[in-house]
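This report concerns only the one structure given below.
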Amino acid sequence: MNDAGLYAVKSLPKKEYLAPGHRSCPGCGEVLAVRLVHKALGRNTITASATGCMEIVSSPFPLTSWEIPWIHVAFENAAAVAGGIEAALKVLQRKGKIAPKEINVVAMAGDGGTADIGLQALSGALERGHDFLYVCYDNEAYMNTGVQRSSATPFGAHTTTSPAGTAVPGQITWKKNMPEIVAAHKIPYVATATPSYPLDLINKIEKGAAAEGPAYVHILSVCPTGWGIGSAETIKIGRLAVQTGFFPLYEVEDGAYKITVDCAELLPLERYLQPQGRFRHLSEELIAQLRRRVFEQWAELKRRAALSASAAR
Amino acid sequence: MKKRVGLEVSYAAAEAVKRCNVDVIAAYPITPQTHIVERLSEFVANGELDAAFVPVESEHSAMSLCIGSQAVGARSFTCTSSQGLALMSEIVYITASLRLPLVMMLVNRSLSGPLSIWNDHSDVMAVRDCGWIQLFVRNGQEVFDHAFISYKIAEDHGVLLPVMINFDGFILSHMFEPMELVEPAVIERYLPPYNPKYVLHPDQPLTMGAFAMPAVFTEAKKAQDEALRQSYPHILRAWQDWGDLTGRYYDPVEGFWTEDAETIFVALGSFGETAGEAVKALRERGEQVGLLNLRLWRPFPFEAFARVVEGVRNLIVLDRAVSYGGPGGPVAGEIRSALYNLENRPQVYSFVSGLGGRDVTVQDYMAMFTGAISGEAPRDGIFGVRG
């Protein structure tokens, strides 16, 4: 862990584009991520948001927390709305109807709006090559409606629709690998991030915004309410997700893999699982299954990063 | 006599959209709308139209994308039919509540199931209350003209609502018809460049699509309903101005032989053309019968409609969709309700016909007439069901 990173945060711009007074839960990792993302993007940004926690906490008419132009339409179409914004800005500037200006076009959605109901719109927008940044705030379930499972909920996790019962031990499917699905579209930039590593997150948002064409950043957004942790634990849990290999931080730049927060040795997985209410019921055997998967995933990522590094040489 | 050319109606529609100088087109191909999007993509590919043609992966994204493009101030266009409308319908409602002046052509086709690519009005009737201005046009010239008229209405700062132009799939969209293609110089005088009232831009940040708690939701809906009702005089003015330039004047309701009629057919869309032939034949037989074409479906032209039909004995409403288990066809049910408070209200017969591309002939209309005035026909029913 680079401790200098902890203090470097103080050098970030003070300007907030998501004003205080919004209605997120205490300790919300997602709202922290949204703030960091928009600090990185700056004021010349238009954001299209999916329905979800961030929309509900920030826009109860007649109030708004947004200090940038922001639009919400529906749950599954943030990528399509952003595609329309991008296409229109391009053509209006070309036709001289608006002044030329570099404007970041951003779509934001949760894991439900990305990996489930919004997957088609996202895939379409990536394939068409809109020059935009898509940010998935992944809190690993439908938190806004009361912690129901999504396809991004990890194996074993208890949610209100994958309850840990006596017959079924919570979520019995494996987390859908969104960054890989996006990377398969061969877009210029794909990355994972989490606000527990704020500079890494900001660097990735800046890279994604600068990329010519679609970029995607998948942000693990720790959710104290849904995960069953204390609201002061958010940053720590996010770090443990990375340090145990449960959620590796990496980027795929023009096809080249790079692990951006490397771990010489992964911490024991239990250190991540044990503090969280959603995993409290897991048996040794289920934890062993999870561990196997984490190791496989980490090894595969290391292999790809090594291949990319040797190809670059 | 102005110069007229023969053109497939779909191509005339695309030509009109081109002459509206739209900025963004997002559409997904579906029968029978395909010729419009094909032709528009050719215009863009050949540099005849400077626009973004975005070949989206679904109609849901077509409507969503148009919301995004309209929100930053681009004149945008989409068109669809049937299942496409059903798929995008969630977003169709939101376009109206965001007050975005999008124009969509809906080439009417029946809704599944069973699957049918042919024409009726079950698609549009499913989104009756989506909050759009909804027009039914009945021939190629009307399709062409209403592209300009619709943008004129939609973008009027006294309106700011999306407009849906309905026209019948195949029986109109794929016909070759003679029409006058109004010259760009004339159009320029009629349709100014889009001057959006609110746009998303970093220079003046706005929030669009905020959610409403119960304390404000009712007021938001009331405002939306008022906006649609108050668009009426603006629609009339747009038609008047178009008429002054081209000589073609349009009305929300259009009557033929209605002055002394005891029985009036009520039609939407191109069925009015054939029904008109039947009325002509019945008149020759000495029957006091007329025809009313309802061109404006939303906002419903209550007064103009009542003026024509008050005191008439029978209305034969030609419905093109089924309201399963409901009070007759959707148009008839609505007309009954609209006329209920008139002292001298007509009997309303609902003949659901022309479903899924079934032809309705002059003889069929004459049979409906006979059935209605003899009292033998049921008040509500599906006409022409084969044994």
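The values are calculated or read from the model by the stated rules, or taken from the named source; none is laboratory data. Note that the structure is a prediction, hence the values are computed from the model and not measured. Positions of Cβ are generated from backbone atoms using ideal geometry, with glycine treated the same way; all protein chains shown enter the neighbour counts. Surface accessibility is based on the protein's heavy atoms, side chains included, excluding ligands, DNA and RNA. Shrake-Rupley method; radii C 1.70, N 1.55, O 1.52, S 1.80 Å.
Between the Cα long axis of helix B:232-246 and the first principal axis of chain B there is an angle of about 90°, rounded to the nearest 10. Need the C-alpha centroid separation for the stretch A:175-190 versus the stretch B:306-339, integer Å. Value for the Cα centre distance between the two parts: 54 Å. Per-residue Karplus couplings for the stretch B:83-97, computed as 6.51 cos²θ - 1.76 cosθ + 1.60 with θ equal to phi - 60°, are listed in order as 4, x, 5, 4, 5, 8, 4, 3, 7, 4, 5, 6, 4, 5, 6 Hz, Gly and Pro entered as x.
Taking only the Cα atoms of the stretch A:91-238, the radius of gyration and Dmax are 17.4, 65 Å. Taking only the alpha carbons of the protein assembly as shown, we obtain Rg and Dmax values of 29.2, 98 Å in that order. Measuring between their Cα centroids, the stretch B:105-133 and the stretch B:205-269 lie 19 Å from each other. Close amide H contacts of A:Lys175 (hydrogens built in the peptide plane, cut-off under 5 Å, sequence separation of 5 or more or a different chain): A:Phe155. Give the calculated FRET efficiency between A:Ala19 and B:Asp225 to the nearest 0.05, with a Förster radius of 41 Å applied to their Cβ-Cβ distance. It comes to 0.80.
Taking chain A as a Gaussian network, Cα atoms linked when under 10 Å apart, which of A:Thr45, A:Thr225, A:Thr145 shows the biggest mean-square fluctuation? For chain A, modelled as a Gaussian network with Cα springs under 10 Å, the answer is A:Thr145. With each label modelled as a point 7 angstrom along the Cα→C-beta vector, the A:Ala264-B:Lys280 pair spans 9.4 nm. Summarising the amide proton neighbourhood of B:Leu7: residues at separation of 5 or more, or on other chains, whose placed amide H is nearer than 5 Å comprise B:Glu177, B:Met179. Taking every residue in A:42-52 and counting other chain Cβ atoms within 10 Å of its Cβ, the average works out to 3.
Just need the Rg to Rh number for the stretch A:53-134, please, alpha carbons only, Kirkwood Rh.
On the way: Rg = 13.8 Å, Rh = 13.7 Å.
Taking Rg over the Kirkwood Rh, I get 1.00.
Of all DSSP-defined beta bridges confined to chain A, some 30% are antiparallel rather than parallel.
In Å³ and rounded to a whole number, note down the convex hull volume per residue for the Cα atoms of the stretch B:51-158. Walk me through the numbers before you get to the answer.
Numbers: hull volume 12.0 nm³, N = 108.
Hull volume over Cα atoms, normalised by residue count, gives 111 Å³.
Taken over the stretch B:183-273, the percentage of Cα pairs per 10 Å bin, counting from 0 up to the bin with the maximum distance, is 11, 23, 29, 23, 12, 2, 0.
Take each residue in A:98-107, count the other chain C-beta atoms within 10 Å of its C-beta, and the mean is 2.
Annotation: amide H-H contacts under 5 Å for A:Ala107 (H modelled 1.01 Å from N, sequence separation of 5 or more, or interchain): A:Ala48, A:Leu133, A:Tyr134, A:Val135. Over all pairs of different C-alpha atoms in the stretch B:1-46, the reciprocal of the mean inverse distance, the Kirkwood hydrodynamic radius, equals 11.4 Å. To the nearest 10 degrees, how steeply does helix A:119-128 sit against the main Cα axis of chain A, on a 0 to 90 scale? Tilt relative to chain A: about 50 degrees. Here the sum of -39500 (n - 2.57) over DSSP H runs of 4 or more residues, divided by the residues of chain A, equals -11000 deg cm²/dmol at 222 nm, to the nearest 500.
The Rg/Rh ratio for the stretch A:186-235 is 1.11, where Rg is the radius of gyration of the alpha carbons and Rh is the Kirkwood radius. Normalised by 2.2 N^0.38 Å, with N the number of residues, the alpha-carbon radius of gyration of chain A equals 0.97. Over all other residues within a Cβ to Cβ distance under 13 Å of B:Ala14, the charged ones net out to -2, with Lys and Arg as +1 and Asp and Glu as -1.
What average count of beta carbons from other chains do you get within 10 Å of the Cβ of residues in A:57-70? Walk me through the numbers before you get to the answer.
On the way: counts 0, 3, 6, 6, 11, 4, 2, 5, 1, 5, 2, 5, 12, 7.
Rounded to a whole number, the mean comes out at 5.
Relative to the dominant Cα principal axis of chain B, helix B:9-19 is inclined by about 40°. Along each principal axis, taking the top coordinate minus the bottom one, the Cα set of the stretch A:185-313 gives 44, 28, 25 Å in descending order. Whole-Hz Karplus values for the stretch B:366-377 come out as 5, 5, 4, 4, 4, x, 6, 6, 7, x, 7, 6 Hz, taken residue by residue from phi with 6.51 cos²θ - 1.76 cosθ + 1.60 and θ = phi - 60°; glycine and proline positions read x.
Counting only DSSP beta bridges whose two residues both lie in the stretch B:5-244, roughly 15 percent are antiparallel.
Using square roots of five times the C-alpha gyration tensor eigenvalues, list the equivalent-ellipsoid semi-axes of the stretch B:5-244 in whole Å, biggest first.
26, 21, 18
Counting only Cβ charges, +1 for Lys and Arg and -1 for Asp and Glu, the dipole size of the stretch B:118-192 around its Cα centre is about 140 debye. As a calculated quantity, the FRET efficiency between B:Glu262 and B:Ala367 at R0 = 25 Å, using C-beta atoms, amounts to about 0.90. Using only the Cα atoms of the stretch B:229-387, each taken as one equal point scatterer with no solvent, compute I(q) by the Debye sum, divide by I(0), and report log10 of the ratio at q = 0.09, 0.15 Å⁻¹. Treating every Cα as an identical point scatterer, log10 I(q)/I(0) equals -0.29, -0.80. With a 1.4 Å probe rolled over the protein heavy atoms of all chains, the accessible area of A:Cys25, B:Cys20 falls in the order A:Cys25, B:Cys20, largest first.
For A:Lys186, A:Lys97, the ranking by accessible surface with the largest value first comes to A:Lys186, A:Lys97, using a 1.4 Å probe.
Among the listed pairs A:Lys175/A:Lys236; A:Lys15/A:Lys302; A:Lys14/A:Lys258; B:Lys18/B:Lys221; A:Lys10/A:Lys90; B:Lys3/B:Lys197, which have their C-alpha atoms separated by more than 27 angstrom in this model?
On the way: A:Lys175/A:Lys236 22 Å; A:Lys15/A:Lys302 37 Å; A:Lys14/A:Lys258 30 Å; B:Lys18/B:Lys221 34 Å; A:Lys10/A:Lys90 36 Å; B:Lys3/B:Lys197 37 Å.
Too far apart for the 27 Å limit: A:Lys15/A:Lys302; A:Lys14/A:Lys258; B:Lys18/B:Lys221; A:Lys10/A:Lys90; B:Lys3/B:Lys197.
Rolled with a 1.4 Å probe across the full set of protein chains, the surface gives A:Glu253 an accessible area near 80 Å². DSSP finds beta bridges in the stretch A:62-221, and of those with both partners inside it, around 10 percent are antiparallel. Residue by residue, the stretch B:28-40 carries 3J(HN,Hα) couplings of 10, x, 8, 5, x, 7, 3, 4, 5, 5, 4, 5, 5 Hz when phi is fed to the Karplus relation 6.51 cos²θ - 1.76 cosθ + 1.60 (θ = phi - 60°); x denotes Gly or Pro.
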